[in-house]
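The values are calculated or read from the model by the stated rules, or taken from the named source; none is laboratory data. Remember, it's a predicted structure, so these values are computed and weren't measured experimentally. Cβ placement follows ideal geometry from the backbone for every residue including glycine, while neighbour counts extend to all protein chains displayed.
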């Protein structure tokens, strides 16, 4: 007899009283033909998944799976009207995702997911967890989502994840899937926990070695009381998440200091030139994970110019204008705002500096505003033409920036030395 159950995240988050927006269903005792007869629309390629004719919610036939080759795609799926709900649930990743709810509200919980919710544990359902490397990323993402509620990865699951890395299963992760999980994790409540969870099991060195290499690299204690570059990156990411859920800003914050890992050890703890050393590492990371263009562009801009932003109140007016031009601020003002947010997160992502004001951002916003009040048409109205228009426009904008600096409030934080952060 056909039965339909609410499964997965919706059940979990209802029990947690946590907001959710999607509902997934599993159908027991049905065939693809019977689903089509009822008006459901097929969308699954590897296994039968259907869209409800009215709600467009996903309904999947109960299924089992068998590992046939390494990696995320190495599975054969089997559906049958004789597969039970428990057989379907046991193939899921975590116990808190392996619960179901019947139409009359009964909770079906064969693997003690409710108990793990109460104990705030992310625990795998069965040893089949180790067959799919994407589950490492998913556990890390759930850790980021529920960290603020006190959730942790169960010790036995942590050990299993480490074994998967040691057994080279994590090396089979597909780049596009890594990026998908990373982008989602960046917008979770505690994205820094995603990075920590991957590092704890050794997977960070596999999927993002450029980030992993930052841990253990010291910085000048005067500017970075937390000292460790990796810890600073996590603190900056946490600060950025407190300001935005824009994954472009969060990715740029995550990657802004990659060049510090490439500083020769005999130069530690200083990192002169780390900005330029960061750029090829960001390109390498973005190429490998197929990172979208706008994410890449902002990451490059933040890595290249974040120390200039920190010194904005000390820069010459000419240098301020050049910074605005490099950021393409006059054509893309939203990029300037994203850049400033990332730089603020970098400045606040330091022990004892979390609540420190960041007047540099306001100053650069004002510099942008006064510059936009001077347009090419105003220069042309003075009778200037040809190449001289651009030169005069630059001259006028430099002048108004200089005037802004002269009249800017004198209370300024002690500047950080460029290239020594």
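Only one of these conditions is not met by residue 25: (1) in contact with a helix residue (DSSP H, G or I) (Cβ under 6 Å, 6 or more places away or on another chain); (2) in a strand (DSSP E or B). Which number is it? Unmet for residue 25, out of (1) in contact with a helix residue (DSSP H, G or I) (Cβ under 6 Å, 6 or more places away or on another chain); (2) in a strand (DSSP E or B): (1).
The residues of region 263-299 that are without any contact (Cβ under 8 Å) to a residue 24 or more places away in the chain, under 22 Å from residue 215 (Cβ atoms) and in a helix (DSSP H, G or I), listed by number, are 265, 266, 267, 277, 280, 283, 286. Among the residues of region 89-98, just one is out of contact with any helix residue (DSSP H, G or I) (no Cβ under 8 Å at 6 or more places or on another chain) and modelled with pLDDT of 95 or more, namely 89.
When residue 235 is tested against the conditions (1) surrounded by fewer than 17 Cβ atoms within 10 Å (Cβ to Cβ); (2) touching a helix residue (DSSP H, G or I) at 6+ places or on another chain (Cβ under 9 Å); (3) not assigned by TED's automatic domain parsing to the domain that holds residue 138, the lone failure is (1). Would you confirm whether or not region 201-211 contains a residue that is at pLDDT 95 or above, surrounded by 17 or more Cβ atoms within 10 Å (Cβ to Cβ) and under 13 Å from the mean Cα position of the chain (by Cα)? The answer is yes; a qualifying residue exists. Test residue 197 against the criterion of being modelled with pLDDT of 95 or more and over 13 Å from the mean Cα position of the chain (by Cα), and give yes or no. Considered against the rule, which asks whether it is modelled with pLDDT of 95 or more and over 13 Å from the mean Cα position of the chain (by Cα), residue 197 comes out as yes. In region 217-229, the count of residues that are surrounded by fewer than 24 Cβ atoms within 10 Å (Cβ to Cβ) and in contact with a strand residue (DSSP E or B) (Cβ under 6 Å, 6 or more places away or on another chain) is one or more.
Within region 64-85, is even one residue on the phi > 0 side of the Ramachandran plot, at pLDDT 90 or above and either outside any strand (DSSP E or B) or assigned by TED's automatic domain parsing to the domain that holds residue 170 (or both)? Within region 64-85 (the criterion being on the phi > 0 side of the Ramachandran plot, at pLDDT 90 or above and either outside any strand (DSSP E or B) or assigned by TED's automatic domain parsing to the domain that holds residue 170 (or both)), the answer is no, since none of the residues qualifies.
State whether one or more residues within region 314-325 are touching a residue at least 12 places away in the same chain (Cβ under 8 Å) and within 17 Å of the chain's Cα centre (by Cα). No, region 314-325 contains no residue that is touching a residue at least 12 places away in the same chain (Cβ under 8 Å) and within 17 Å of the chain's Cα centre (by Cα).
Among the residues of region 99-136, the one identified as in contact (Cβ under 8 Å) with a residue 40 or more places away in the chain, over 20 Å from residue 170 (Cβ atoms), in contact with a helix residue (DSSP H, G or I) (Cβ under 9 Å, 6 or more places away or on another chain) and assigned to a loop (DSSP other than H, G, I, E, B) is 99.
Taking the criterion of being in contact (Cβ under 8 Å) with a residue 40 or more places away in the chain and more than 19 Å from residue 252 (Cα to Cα), the residues of region 214-237 that qualify are 217, 218, 219, 220, 221, 223, 224, 225, 226, 227. Those helices (runs of 4 or more DSSP H) of region 169-260 in which 3 or more residues are farther than 15 Å from residue 144 by Cα occupy 175-186, 204-207, 209-212, 229-241, 247-255.
Each row is one residue, and each column tells you yes or no for (1) within 24 Å of residue 334 (Cβ to Cβ); (2) surrounded by 13 or more Cβ atoms within 10 Å (Cβ to Cβ).
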| residue | (1), (2) |
| --- | --- |
| 360 | yes, yes |
| 370 | yes, yes |
| 387 | no, no |
| 392 | no, yes |
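Filtered by the rule that a residue be modelled with pLDDT under 90 and closer than 15 Å to residue 5 by Cβ, region 23-62 gives no residues.
Residues that are buried (at least 21 other Cβ atoms within 10 Å of the Cβ) and farther than 24 Å from residue 239 by Cβ within region 322-353 are absent altogether.
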